[in-house]
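Please treat every number below as a calculation from the coordinates, not as lab data. From a predicted model like this one, the values you see are computed outputs, not experimental measurements. All Cβ positions, glycine included, derive from the backbone under ideal geometry; neighbour counts span all protein chains shown.
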Ligand code: NDP
């Protein structure tokens, strides 16, 4: 019975993701952090602490609930915990404190909504693997493909973030990024992150992992489009043939 409620909860959460996606696209809302930051959304906190607090629930909840839940842990469970922890170690602790954006702030509204979002995703995935998943997760060719996709996405995501941080360090302020995957798309980091969580969902083969992958797309597709539009508004000579996040398509 609890499984049925749990699955329904995931479907409701997917519904919230789709509504959020439509609202962001239809009303062209630019989530006000990073290049779109502004002080119209209430009280602000330092950018890097904002990142730290909003990512912390996912970093902690998923591994803790999985590890301390009663379900016997198999190899795949440990691999999934490792993949998740690696991503969130970077996103929560390493990435925010490498940003060259001292003095920049983000609204607390963003921090609290992301904190809730990350907490929900960490809880749903942890509760599945710690309490509800079948005893032995099947290990198949799809599992391997999912793991490979996850690490390829992570490579692209971190590689892009590194290049953007270095660009800021070399020249100060915003520049047109050139070379590498920027030749095809404005936001390889968002493309990479979507690939990561799709890979995780394929490997985990669970409803909450797919829920999280769908949420990631609903967040990052509008953000990539906003960044892409911002580049065109900001730089007259921005390359015309570059797409937002999907080479040659979107
Ligand atoms: P951006 O690509 O906008 O920024 C990354 C960093 O590079 C920031 O420090 C930014 O500065 C700087 N930067 C970006 N573009 C330039 C440029 N053209 N010239 C100089 N410096 C630049 O990333 P986001 O804030 O959109 O996302 C950051 C990371 O978080 C990404 O890896 C993304 O995938 C991930 N993310 C994940 C989400 C999810 O739902 N899973 C949601 C949102 C982000 P500044 O901050 O001043 O703009």
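Going by the alpha-carbon gyration tensor, a ≥ b ≥ c the square roots of its eigenvalues, is the range 110-213 rounded (a/c under 1.5) or, if a/c is not under 1.5, prolate (a/b greater than b/c) versus oblate? It comes out oblate by the Cα gyration axes. In this simple spin-label approximation, residue 142 and residue 175 carry label points 7 Å from Cα along the Cα→Cβ vector, and these lie 4.4 nm apart.
Note on residue 25 and residue 104: the model spin-label points, each 7 Å out from Cα along the C-beta direction, lie 2.7 nm apart.
Between the Cα long axis of helix 2-26 and the first principal axis of the chain there is an angle of about 10°, rounded to the nearest 10. Extension gain for residue 46 to residue 151 (0.36 nm times residue separation, less C-alpha to C-alpha distance): 34.8 nm. Summed over qualifying helices (DSSP H, 4 residues or more, each -39500 (n - 2.57)) and divided by its residue number, the chain shows a 222 nm mean residue ellipticity of -22500 deg cm²/dmol. Full extension of the chain between residue 248 and residue 168 gives 26.1 nm of extra length, using 0.36 nm per residue less the Cα-Cα distance.
Separation of the range 20-96 and the range 162-204, taken as the distance between their Cα centroids, equals 17 angstrom.
Listed by Cβ neighbour count within 10 Å, with the fewest neighbours leading, 85, 140 appear as 140, 85.
Taking a ≥ b ≥ c as the square roots of the eigenvalues of the Cα gyration tensor, the chain is prolate, since a/c reaches 1.5 or more and a/b is larger than b/c. Taking the average, over residues, of other Cβ atoms within 10 Å as the packing measure, peptides 113-120, 100-107, 171-178, 187-194 rank 187-194, 113-120, 100-107, 171-178 from highest down. Across the range 77-232, C-alpha contacts under 8 Å between residues 6 or more apart give a mean separation that, scaled by the residue count, equals a relative contact order of 27 percent. Distance between the modelled labels on residue 64 and residue 94, one decimal in nanometres: 2.3 nm (7 Å Cα→Cβ projection). Rounded to the nearest 10 degrees, the inclination of helix 141-171 to the longest alpha-carbon principal axis of the chain is 30 degrees.
This ranking places 75, 164 by how few other beta-carbon atoms lie within 10 Å of each, fewest first, which gives 75, 164. With everything on Cα atoms, drop me the angle between helix 188-204 and the longest principal axis of the chain, reported from 0 to 90° to the nearest 10. In the chain, helix 188-204 runs at an angle near 10 degrees to the longest axis.
Taking a ≥ b ≥ c as the square roots of the eigenvalues of the alpha carbon gyration tensor, the range 43-92 is oblate, as a/c is not under 1.5 and a/b does not beat b/c.
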